Amino acid sequence: MAIKDELLFDFSIHLPRVLLSGNTVILDNVKKLVLLSSEQIIVYHGQRFTSVRGKGLKIKELKDERMLITGDLEQLQFYGTLQEDKN
């Protein structure tokens with residue numbers, strides 16, 4: 001599958017897409033900001049949640065379902081929704 005097709009597929013099924021480099025995280029497919037503090041940011045992607053933990057976290061940009069986070073990054077976690085929550 002070509003890169004373009006992979007990107008389109010990820011966006012179509014609302015999966016989180018993460019780019020991590022140094023003290024910067026880029027999250028794609030962001031639907032909703034759930035929690036914001038200087039130590040943790042949680043976002044909802046439509047079917048999954050992503051948690052970014054660290055120190056001095058800041059959202060530098062939020063545009064077109066893309067979020068740019070900077071700070072001293074310590075942990076990145078992904079969470080799903082429970083099947084019974086969907087009913």
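Every number in this text was worked out from the coordinates using simple rules, so none of it is lab data. Values in this document were obtained by computation on a predicted structure and should not be read as measured data. Reconstructed Cβ throughout: ideal geometry from the backbone, glycine too, with neighbour counts over all protein chains shown.
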Value of D in µm² per second that Stokes-Einstein yields for the range 13-86, Kirkwood Rh from Cα pairs, at 25 °C (0.890 mPa s): 200 µm²/s
Distance between modelled label sites at Leu20 and Ala2, nm, 7 Å Cα→Cβ extension: 3.0 nm
For the range 13-86: relative contact order, % (alpha-carbon pairs under 8 angstrom, 6 or more apart): 28 percent
